[in-house]
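First the structure, in the form of structure tokens, and then the observations on it.
The values are calculated or read from the model by the stated rules, or taken from the named source; none is laboratory data. Not measured: the values here are computed from a predicted model. Note that each Cβ is placed from the backbone with ideal geometry, even for glycine, and that neighbours are counted across all protein chains shown.
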Amino acid sequence: MSAKLKQNISISYVYNFFLQLDLTSAIWVLYLAFKGMSLVEIGMIESIYHITGLLLELPTGAFADLYGRKFCVVLGRVVNILSCILMITSSSFIGFALSFILGCAARNLNSGASEALVYDSLKELGEEEKYKKIWGELAFIMSIAQGLAVLLGGILADIQFLYAYILGTVIQIVALLISFNFSEPSIGNNKLKKGEEQKENKEENKEEKLNLKEKIFINQLITSINVLKDRKIVLYIIMFSALVGSLQTTVFFYSQQYFSDLSYSKTEIAMICALGSLIEAVSSKYAYQFEKRLKIKGTLIIISTVNILALAGLSIVKEFSILFFLLTSVTGGLAFTIFSDYINTRIPSEHRATILSFDSLCFSLFMICVFPLFGVLAEHVGFSITFGVIAIIYIPAMIFLLLKLRKHKNMEIKEVSIRI
């Protein structure tokens with residue numbers, strides 16, 4: 001079994017490379033605009049995506065905790081392939097919205113499950129202290145894949161959008177085939193099996209078995225929420241992670257149109273995004289060393305400050321817009337690796353996928369608010385003013401979360417001292 005669990009780590013490198021080799025990630029805004037969607041409609045479609053995430057994140061996380069991480073990862077790839085096909089064949093707002101709903105469902109199925117698969121494989125091997133370094137390496141590989149994807153996707157889009165979407169679908173089929181090779185860790189995933197065994201010993205009634213599964217499923221959600229209530233520092237780091245993630249994602253996607261308005265070609269935009277992914281890759285790989293020197297408090301302050309400066313720069317200094325765009329890639333790489341380790345080390349395995357899905361849920365909640373607001377503002381007052389407005393909105397939100405984190409970090413230190 002230990003050999004298969006070690007193999008999970010190796011497979012994760014390959015799987016996540018193909019997962020993130022999304023050729024459409026840097027062109028979908030341009031693609032939807034090419035298909036006749038306005039910036040407001042594009043913002044609405046992205047909001048529908050994140051509303052779907054809001055509804056499905058916790059249930060899919062609990063589903064992974066109860067029915068298996070591997071099953072959710074495989075199912076997520078199947079759903080994503082259907083989303084890709086619909087994106088190619090659609091030509092209306094409804095068709096694109098449905099594609100985004102399926103795409104979000106696929107992301108939900110994968111988000112908590114794939115991360116929990118890696119951490120619990122290491123935990124079962126007694127090597128969870130390696131997680132920060134391994135997750136940093138995974139983030140490095142994923143960012144390299146994203147960089148290659150946006151570069152290749154931009155070049156193909158300059159020829160014809162359809163080529164990028166067809167090849168992107170083929171790549172997702174490859175990711176599906178790779179996902180079949182994962183092995184399910186036994187740790188934190190035996191709750192449902194035990195419940196079913198006890199029920200089967202008493203009675204073989206199928207309807208009662210289904211009722212038992214529903215009760216366990218609901219209990220999984222409630223217990224996970226209670227874990228977050230007891231560990232407030234995890235809750236606030238999740239919220240901070242979601243805030244940073246929503247900022248970077250909004251900048252990344254709308255920058256496609258922003259740079260297009262500045263007369264950059266699709267290939268040039270792809271090269272800028274590819275460079276951003278490369279910088280994010282390096283930032284992710286060495287994030288653990290960065291955090292080791294500055295500690296979590298210093299890291300949070302640096303990430304907050306640089307993100308606000310990047311937004312302000314995009315608003316005021318167009319001549320250096322590429323530089324400020326790339327700054328968000330630096331903080332994105334740091335945040336992705338450091339926050340993941342910080343959260344995982346503070347939550348129990350049996351609720352890991354559910355709580356990690358709550359992380360994605362918070363991200364979706366922020367995106368539902370920010371992305372359409374950005375689209376409406378950009379369409380009416382332009383990108384420069386919009387970047388400035390978003391920067392102003394983020395300042396009090398980040399200050400509030402930093403204060404909450406400092407308060408609960410101090411409480412955590414006191415609790416540890418008392419136990420010692």
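Within the stretch 272-308, being among the hydrophobic types (A, V, I, L, M, F, W, C) and under 12 Å from Leu326 (Cβ atoms) holds for Ile272, Cys273, Ala274, Leu275, Leu278, Ile279, Val282, Val306.
The numbered conditions (1) in a helix (DSSP H, G or I); (2) modelled with pLDDT under 90 are all true for Ile347 except (1). All conditions but one from (1) farther than 25 Å from Ile141 by Cα; (2) of a type in the set (S, T, N, Q); (3) touching a helix residue (DSSP H, G or I) at 6+ places or on another chain (Cβ under 9 Å); (4) without any contact (Cβ under 8 Å) to a residue 40 or more places away in the chain apply to Ser263; the one that does not is (3). Of the candidates Ile171, Ile144, Ile134, Ile101, the single residue that is of a type outside the set (D, E, K, R), farther than 20 Å from Ile42 by Cβ and modelled with pLDDT of 90 or more is Ile171.
Of the helices (runs of 4 or more DSSP H) that lie entirely inside the stretch 175-271, those containing 1 or more residues that are closer than 26 Å to Arg406 by Cβ, at pLDDT 85 or above and not basic (Lys, Arg) span 232-261.
Scanning the stretch 355-362 turns up at least one residue that is in a helix (DSSP H, G or I) and among the charged types (D, E, K, R). Considered as a group, the residues in the stretch 277-301 that are hydroxyl-bearing (Ser, Thr, Tyr) and either in a helix (DSSP H, G or I) or in contact with a Phe, Trp or Tyr (Cβ under 6 Å, 6 or more places away or on another chain) (or both) include one that is farthest from Phe240 (Cα to Cα), and that residue is Ser277.
A residue that is surrounded by fewer than 21 Cβ atoms within 10 Å (Cβ to Cβ), assigned to a loop (DSSP other than H, G, I, E, B) and among the polar types (S, T, N, Q) cannot be found anywhere in the stretch 76-89.
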